[in-house]
Amino acid sequence: MKWSEMFTSSVGKKVVMALTGIFLILFLIVHVGLNACIWANDGGKMFNAGAHFMGSNIVPRILEIGLFAGFILHIVQGLMLEFQNRSRRKQGYSVAMGNKGSKWYSRSMGILGTLILLFLVVHISDFWLPNRANQGFLLGEEIDLYVKMREVFQTEWVVVLYLVGCISLAWHLLHGFQSAFRTFGVSNKKYLSLINTLGIAFSIIVPLAFALMPLSFYFGWIK
Amino acid sequence: MEHYTMNLTLKVWRQQNGNTPGRFETYQVKNISSEMSFLEMIDVLNEEMIREGKDPIAFDHDCREGICGMCSMYIDGRPHGPWQQNTVCQLHMRAYKDGDTIVIEPWRANAFPVIKDLMVDRSSFDRIIQAGGFISVNTGSPVDANAIPVEKNMADAAFAAAACIGCGACVAACKNSSAMLFLSAKVTHLALLPQGHPERRTRAMNMVAQMDKEGFGACTNTGACEAVCPKGISIENIARLNREYLMAGLTSE
């Protein structure tokens, strides 16, 4: 079997989703860890030091290209799979099966993912884009991202939008985390229960930490 | 349980053949015994329709004891009706009460085209089996049954997977019309046994390729298939199939 055959079969496409999904989960850990530095409550000194490293060092900047590739692959493949899978039943049922047997969020990965994508567009144009534009998209002078965060999170609807993004991410992860490992072929009960527990913990802790960031600025918990 | 009779309203999908659009027809059935099976209830309705000179409802059935996998009705939003680990033929009318309305639809998936009314063409499953759901053995005198040692746990797990009757409820329940639970049961029961070992790589590759060709969707691990399977086939088999497929893909030429 050629690589091209392997990754374009129905199982192979899911493997691509799982690989990119795990990659993006790893990115979330880096992102949430770095951003948590805002709670040092030192006027953004520690946070900006971290952000400066990520923005001005050539290594994370090269990795950033990989990150974008990962995002694009996950999004495009995800949407294509969603449409392909939906088209497999041209004539639908008049009585839907609903929640008899599956969780609503496991059937809603497409719509949850689309909500996250919409959030992502706003999020990138809030922070990444103005910062990179200031750098001339190379390794130039960065803007003060801590000040920028405080500024962005003063607007009520932006904070609400970020919360919607975080909640969508939580549900998306709740199914995606464990599903990815099933796609990789983890069928042993002892690993599956471990992965389920880990997945639930991850899906609560990481989006909650992200959600607390706009709230911290909006309610003035940090200066 | 006390015996009782009931009158019911049935909304049944009627479709002349695969080329004509179908529609729901409403029927009233009277004096149905609580001890009848669901298919016997349809038999009663059909006999009445034949007496009236009408076209009876076409539906698949064979053994009527829950082991052949022919019956295939999607009843009130669930393949094989409201009971757990059950086939339509083993669904009994005590599940219903007087005055109930029951909606009956065929399996719906592009890979299972409607032949007539509630009958669908499931030969796509046969073609998937033909693609790799077998072991190749030389003919001749049979090998001694104890010549190849099999661990009891493995034999049990293989047997649990082999319980799949190929009814297609997993496809009918899946939002993606995926046949992965069926496929994984067939791959698992051979992959766990030494007899299935030599061909396990090509088996996984060929069966998945055939499944894709037949127009089934991809698995998104929602678990709806496992919930409706009359034989309780576990979704863990799907993870095992994924592993078999990945190992085959990574190690093949």
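Taken together, the residues in segment B:135-171 that are under 30 Å from residue A:97 (Cα atoms) and not in a loop (DSSP other than H, G, I, E, B) amount to 9. What are the residues in segment B:186-208 that are among the small types (Gly, Ala, Ser) and farther than 23 Å from residue B:168 by Cα, if any? Across segment B:186-208, the qualifying residue is only B:196.
Just one of the listed residues (A:2, A:90, A:13) is within 30 Å of residue B:102 (Cβ to Cβ) and within 10 Å of another protein chain (Cβ to nearest Cβ), and it is A:90.
Only one of the listed residues (B:25, B:2, B:40) is out of contact with any strand residue (DSSP E or B) (no Cβ under 8 Å at 6 or more places or on another chain) and at pLDDT 95 or above. That residue is B:40. Applying the set (1) within 30 Å of residue B:207 (Cα to Cα); (2) away from chain B (no Cβ under 14 Å); (3) more than 18 Å from the chain's Cα centre (by Cα) to residue A:20 leaves exactly one unmet item: (3). Among the residues making up segment A:163-191, those that are within 13 Å of chain B (Cβ to nearest Cβ), in a helix (DSSP H, G or I) and surrounded by fewer than 17 Cβ atoms within 10 Å (Cβ to Cβ) are A:189, A:190, A:191.
From B:66, B:18, B:53, which residue is assigned to a loop (DSSP other than H, G, I, E, B), more than 14 Å from chain A (Cβ to nearest Cβ) and surrounded by fewer than 15 Cβ atoms within 10 Å (Cβ to Cβ)?
Just a single option satisfies the conditions, and that option is B:53.
Only one of the numbered conditions (1) part of a loop (DSSP other than H, G, I, E, B); (2) in contact with a strand residue (DSSP E or B) (Cβ under 7 Å, 6 or more places away or on another chain) is not met by residue B:253, and that is (2). Among the residues of segment B:34-41, none qualifies, meaning not one is among the aromatic types (Phe, Trp, Tyr) and either outside any helix (DSSP H, G or I) or in contact (Cβ under 8 Å) with a residue 60 or more places away in the chain (or both). Filtered by the rule that a residue be surrounded by fewer than 17 Cβ atoms within 10 Å (Cβ to Cβ) and polar (S, T, N, Q), segment A:1-27 gives A:4, A:8.
Of the residues examined, residue A:38 is one that is more than 14 Å from chain B (Cβ to nearest Cβ) and over 13 Å from the mean Cα position of the chain (by Cα).
When you check residue B:75 against the structure, is it of a type outside the set (Lys, Arg), touching a strand residue (DSSP E or B) at 6+ places or on another chain (Cβ under 9 Å) and closer than 29 Å to residue B:110 by Cα, yes or no? Don't jump to the end; show me each part of the working.
Numbers: of a type outside the set (Lys, Arg): yes; touching a strand residue (DSSP E or B) at 6+ places or on another chain (Cβ under 9 Å): yes; closer than 29 Å to residue B:110 by Cα: yes.
Spelling it out, residue B:75 is indeed of a type outside the set (Lys, Arg), touching a strand residue (DSSP E or B) at 6+ places or on another chain (Cβ under 9 Å) and closer than 29 Å to residue B:110 by Cα.
Yes or no, residue by residue, for (1) modelled with pLDDT of 95 or more; (2) closer than 24 Å to residue A:108 by Cα:
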| site | (1), (2) |
| --- | --- |
| B:186 | yes, no |
| B:203 | yes, no |
| B:206 | yes, no |
| B:214 | yes, no |
| B:231 | yes, no |
| B:237 | yes, yes |
| B:243 | yes, no |
| B:250 | no, no |
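Restricting attention to segment A:145-155, the residues that are in contact with a helix residue (DSSP H, G or I) (Cβ under 8 Å, 6 or more places away or on another chain) and farther than 16 Å from residue A:36 by Cα add up to 2. Annotation note: Cβ proximity below 7 Å between a residue of segment A:67-91 that is crowded, with 16+ Cβ neighbours inside 10 Å and a residue that is of a type in the set (Lys, Arg) (sequence gap 6+ or interchain) occurs for A:77/A:13; A:81/A:13; A:89/B:108; A:91/B:108.
Filtering segment B:238-247 to residues that are surrounded by fewer than 20 Cβ atoms within 10 Å (Cβ to Cβ) and more than 7 Å from chain A (Cβ to nearest Cβ) leaves only B:247.
Residues that are surrounded by fewer than 19 Cβ atoms within 10 Å (Cβ to Cβ) and outside any helix (DSSP H, G or I) were ranked within segment B:183-205; the one that is nearest to the other protein chains (Cβ to nearest Cβ) is B:199.
What number goes with the only condition from (1) among the charged types (D, E, K, R); (2) at the interface with chain A (Cβ under 10 Å from one of its Cβ atoms); (3) buried (at least 21 other Cβ atoms within 10 Å of the Cβ) that residue B:253 does not pass? Exception for residue B:253: condition (3). If we keep just the residues of segment B:122-137 that are without any contact (Cβ under 8 Å) to a residue 60 or more places away in the chain and of a type in the set (D, E, K, R), which is surrounded by the most Cβ atoms within 10 Å (Cβ to Cβ)? My answer is B:122. Going through segment B:88-103 one residue at a time, which ones are more than 22 Å from residue A:93 (Cβ to Cβ) and in a strand (DSSP E or B)? Once the filter is applied, which keeps residues that are more than 22 Å from residue A:93 (Cβ to Cβ) and in a strand (DSSP E or B), segment B:88-103 yields only B:92. Among the residues of segment B:206-237, those that are among the acidic types (Asp, Glu) and facing chain A (nearest Cβ under 7 Å) comprise B:212, B:236.
Pairing each residue of segment A:98-126 that is within 14 Å of chain B (Cβ to nearest Cβ) with any residue that is β-branched (Val, Ile, Thr) and assigned to a helix (DSSP H, G or I), provided the two are 6+ apart or on different chains, yields C-beta distances under 7 Å for A:101/B:228. Across segment A:145-162, the qualifying residues are those that are of a type outside the set (S, T, N, Q) and surrounded by fewer than 14 Cβ atoms within 10 Å (Cβ to Cβ), and the one among them that is nearest to the chain's Cα centre (by Cα) is A:160.
The values are calculated or read from the model by the stated rules, or taken from the named source; none is laboratory data. Note that the structure is predicted; figures quoted are calculated from it, not measured. Don't worry about glycine lacking a Cβ; one is built from the backbone with ideal geometry, like all the others, and counts go over all protein chains shown.
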